[in-house]
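Encoded as structure tokens, the structure appears first; notes follow it.
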Amino acid sequence: MEPLQNLLHSDTPILLDGAMGTMLMDAGLDHGDAPEAWNTLHPERVRKIHRQYIKAGSQIILTNSFGGTSYRLAMHNLNDRVFELNKAAAENARTEADAASRTVWIAGSMGPTGQMMEPLGEIRFEDVRDAYAEQASGLEAGGVDLFWIETMSDLHEVKAAVAGIRRVSQLPISATMSFDTHGHTMMGVSPTRAVEELEQLDLVSVGANCGTGSDELIQVISTMQETDPDLPLVAKANAGIPEVVDGSVVYNGTPDLMADYAREVYHRGAKLIGACCGSTPEHIQAMAEALKEMDK
Amino acid sequence: MNEEINIHEMENDEIIELMKEDLYDGYREEIMKEVQELLDRDLEPYDILTRGLVGGMDIVGDDFRDGILFVPEVLMSAKAMKGGMNILQPLLAASDAPQQGVVVIGTVKGDIHDIGKNLVAMMLEGAGFTVIDIGINLSVGKYLEAVEKHQPDILGLSALLTTTMPYMRTVIEALKEKKLRDDLIVLVGGAPLNEAFAMEIGADAYCRNAALAVDMAKKFMKIEDGA
């Protein structure tokens, strides 16, 4: 398999995938249930989503393990299954990536613990680090190619996640934060500061995901690019703004709009481009076509 | 706080002003000393609450709303405020000081996020509300139980995930079924929400951030009083 690093330092954009949670809910996941449980409960449904994103053109797909730390799984009384569920998440992605006719890399998704660290909150750096180490060991056992820390708002938590991963693995790590509050993360981290601090860590790429709309995310990427023009940047915007239709949440961003976003964010310096909440394989396919044109 | 400042030599109004600064900077120890000093001078607990703590948290709230302060600073301010509140609360409870209203607040089922919810709870307390925080990952049953038990004026629902925000509708529907909805003001908040979503699920208002949640709570309480 082609080393990911070669691709990261070429000029061509790399297409990521779209939402997992949105797709799982379409496939019948109930509100409030643990998406990670489906890795063993309904592996065929999880794999189908991976398959659809690969077919749409995704070069890197994310495992169904966003809430796979013990902190998050504890809510569903699944905290004794961290290794198993993360391993299964990686295996589901691995199966589909291996079946693809081209190279598809697997990134192990790792979201925030959902709790606040000391001194503002109660949980200690060491405990958070160990929770991410546990998750990372499951993901690596299942065959991920890299780790994908995402939707973070606290730099300390990113550092704890990186430290945890490095306890158990030497695979590449990417990290993105969510800039949803006046152009900052909830914890007040600006895009400039995120780049300045994250580039000190052992990361192959950094960037922004989720947050508010795609326009705001494009602005964040611009600022990051100005801060360090050489850093491979990740952009994963939501597919518009959430609306409720017939009792379920849908995002108002059409595939055409997401194609425009992909073009624009690539212009502004993003290297790894995908979508977040509300996006589907249709959005990713439209983005794939848009980026293919750009590449010519 | 500057070491050279000696609050014993200050006028009451100067201490009130200092409290606002110390709240802004999140100095819990100083706030507690200042509250105690004013109590020792026989100021009414309610005056210390409204002029010092609530007045100070109003400034924090405004700057939070405007993107000048972020969650870490506001949490430190809220912790400082709590320090002062711990001293005042028993005195307020024993007095006939006016009540702003009672709020029950919690994060919906499937969601363990409590940062925003805690912030809203603390800032509502800072604004003089009585807040009952019922926690995270709450089923409909837990909400109904708390509403029946505490008879709140306001119910606050929080969700931070797109996968959990639809559960807010489930809670509101259950309140309607139990004929509890009309007696309540339902405020919703959380990063993925918006105004249209709040209206669609039948909430009274969407609170984009903790400062606006306090504004909304105050506004609705006034409407309820017929003011």
Problem set entry | Qualifying residues in region B:190-199 (those that are part of a loop (DSSP other than H, G, I, E, B) and aliphatic (A, V, I, L, M)) - the one nearest to the other protein chains (Cβ to nearest Cβ) | B:Ala191
Exercise. Is there any pair linking a residue in region B:173-189 that is charged (D, E, K, R) to one that is outside any helix (DSSP H, G or I), with Cβ under 9 Å and at least six apart or on different chains, and which?
Worked result: B:Glu173/B:Ile201; B:Glu173/B:Gly202; B:Lys176/B:Gly202; B:Arg181/B:Gly202; B:Asp183/B:Gln151; B:Asp183/B:Asp153
For this session: Consider only pairs whose beta carbons are under 9 Å apart and that are at least six residues apart or on different chains; among these, list those whose first residue lies in region B:198-227 and is within 13 Å of B:Val103 (Cβ to Cβ) and whose second residue is of a type in the set (Ser, Thr, Tyr) and outside any loop (DSSP other than H, G, I, E, B).
Result: B:Met216/B:Tyr206
For this session: Please find, within region B:125-149, the residue that is surrounded by the fewest Cβ atoms within 10 Å (Cβ to Cβ) out of those that are under 11 Å from the mean Cα position of the chain (by Cα) and at pLDDT 90 or above.
Result: B:Ile132
Exercise. Just for region B:201-224: of the residues that are over 19 Å from B:Ala159 (Cα atoms) and acidic (Asp, Glu), which one is modelled with the highest pLDDT?
Worked result: B:Asp215
Seminar exercise, completed: Residues of region A:275-285 being more than 16 Å from A:Gln219 (Cα to Cα), in contact with a helix residue (DSSP H, G or I) (Cβ under 8 Å, 6 or more places away or on another chain) and buried (at least 24 other Cβ atoms within 10 Å of the Cβ), in sequence order, are A:Cys277, A:Gly278, A:Ser279, A:His283, A:Ile284
Exercise. Restricting attention to region B:173-189, does a residue exist that is at the interface with chain A (Cβ under 10 Å from one of its Cβ atoms) and in a loop (DSSP other than H, G, I, E, B)?
Worked result: no
For this session: Check whether at least one residue in region A:27-36 is more than 14 Å from chain B (Cβ to nearest Cβ) and either within 18 Å of the chain's Cα centre (by Cα) or surrounded by fewer than 22 Cβ atoms within 10 Å (Cβ to Cβ) (or both), and report yes or no.
Result: no
Exercise. For A:Asn252, are the conditions met, namely being without any contact (Cβ under 8 Å) to a residue 40 or more places away in the chain and within 11 Å of chain B (Cβ to nearest Cβ)?
Worked result: yes
For this session: Kindly indicate whether B:Gly156 is buried (at least 21 other Cβ atoms within 10 Å of the Cβ), touching a Cys at 6+ places or on another chain (Cβ under 9 Å) and either among the aliphatic types (A, V, I, L, M) or away from every other protein chain (no Cβ under 11 Å) (or both).
Result: yes
Problem set entry | Of all residues making up region B:150-174, the number that are among the hydrophobic types (A, V, I, L, M, F, W, C), touching an Asp or Glu at 6+ places or on another chain (Cβ under 9 Å) and modelled with pLDDT of 95 or more | 1
Exercise. Listed residues A:Asn39, A:Asn86, A:Asn92; which is surrounded by 24 or more Cβ atoms within 10 Å (Cβ to Cβ) and in contact with a His (Cβ under 9 Å, 6 or more places away or on another chain)?
Worked result: A:Asn92
Exercise. Do we find that A:Tyr261 is part of a helix (DSSP H, G or I), surrounded by 24 or more Cβ atoms within 10 Å (Cβ to Cβ) and within 18 Å of the chain's Cα centre (by Cα) in this structure?
Worked result: yes
Exercise. Do any helices (runs of 4 or more DSSP H) lying entirely in region A:15-107 carry at least 1 residues that are of a type outside the set (D, E, K, R) and more than 23 Å from A:Ala275 (Cβ to Cβ), and which ones are they?
Worked result: A:38-41, A:43-56, A:70-73, A:82-99
Problem set entry | Conditions (1) out of contact with any Pro (no Cβ under 6 Å at 6 or more places or on another chain); (2) closer than 24 Å to A:Glu243 by Cα; (3) modelled with pLDDT under 90: number failed by B:Ala227 | (2)
For this session: With the condition kept exactly as written, say whether any residue in region A:231-248 is without any contact (Cβ under 8 Å) to a residue 24 or more places away in the chain, among the aliphatic types (A, V, I, L, M) and either more than 14 Å from chain B (Cβ to nearest Cβ) or surrounded by 17 or more Cβ atoms within 10 Å (Cβ to Cβ) (or both).
Result: yes
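The values are calculated or read from the model by the stated rules, or taken from the named source; none is laboratory data. These numbers were taken from a predicted model, which means no experiment stands behind them. Neighbour counts are summed over all protein chains in view; Cβ atoms, including those assigned to glycine, are modelled from backbone coordinates with ideal geometry.
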